Amino acid sequence: MLYLVAALSDDDVIGVDGRLPWRLKRDLKWFRMNTSHGAVIMGRKTWESLPKRPLPHRLNIVLTRGRRPRDAPNVIWENEMRNAISTAYRHTKRVYVIGGSEIFAMALQYCRAYMITRVHCRVRDQASAYVMRTFRLPASKTLVWRSGEQHEDDLSFHFELYIT
């Protein structure tokens, strides 16, 4: 199954100026726990925003519209979502699309599960002068699991799992 993994604010913001609007250690731990030893598909901008590249213990597949750089250990560059997914499934059954917003939009037709962190804040009110990226989940989905509320750095959040 192909999973889309995202952290969303209450107003559907996933990023501000190319970065997450928050830094939640438990969310990062949740992400690492679920994606380790799988394949992650991301866009070039998400790749460039990572503080540590490649993400360890995962096959990193990066989508780019431009010229494909040379592949490196645990990093494969692709130009099309379909090829990225095929490449990922040749290596593992655990495949995750991790962003950004353009990549999420391309992946919607392929994804059947969504691992979501709901961060209870409104980013648009706080960052109106910045470039924000948003994402909305498809309307036809079923919530199959929801964690209890978590609290960290004056924010509350919880985890959700949906299937379509």
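Quick note: the coordinates plus some simple rules give every number you see, no bench work behind them. A quick note: this is a predicted structure, and the numbers were derived from the prediction, not measured. Every residue, glycine as well, gets a Cβ built from its backbone with ideal geometry; the counts of neighbours run over all protein chains shown.
Brief remarks on what is shown
- Nearest-0.05 FRET efficiency for ARG53 and LEU143, computed from C-beta distance (R0 22 Å): 0.10
- Qualifying GluC sites (Glu not before Pro) for region 37-87 [loop in DSSP, other Cβ within 10 Å: at most 11]: GLU80
- Degrees between helix 25-35 axis and first principal axis of the chain (Cα, 0 to 90, nearest 10): 30 degrees
- In region 76-116, trypsin sites (Lys or Arg not before Pro) in a DSSP loop with at most 11 other beta-carbon atoms within 10 Å: LYS93
- Total formal charge among the other residues, if their Cβ is under 15 angstrom from that of LEU161, Lys/Arg +1 and Asp/Glu -1: +3
- Between the C-alpha center of region 26-97 and that of region 139-164 there is a gap of 23 Å.
- Of all DSSP bridge pairs formed entirely within the chain, close to 45 percent run antiparallel.
- With a cut-off of 11 Å between beta carbons, the residues surrounding LEU59 carry a summed charge of +2, where Lys and Arg count +1 and Asp and Glu -1.
- Charges were assigned to the Cβ only: +1 to each Lys and Arg, -1 to each Asp and Glu. The resulting dipole of region 26-71 about its Cα centre is roughly 140 debye.
- Working value for the chain: equivalent-ellipsoid semi-axes of 25, 18, 15 Å, each the square root of 5 times a Cα gyration tensor eigenvalue, largest first.
- Zone residues, region 1-43, relative to GLU102, backbone N less than 17 Å from point 7 Å out along Cα-to-Cβ: 14-19, 41-43
- Tilt relative to the chain, helix 81-91 - C-alpha long axis, 0 to 90 degrees, to 10: 80 degrees
- For the chain, a simple Cβ point-charge model (Lys and Arg +1, Asp and Glu -1, everything else neutral) yields a dipole of about 720 debye relative to the Cα centre.
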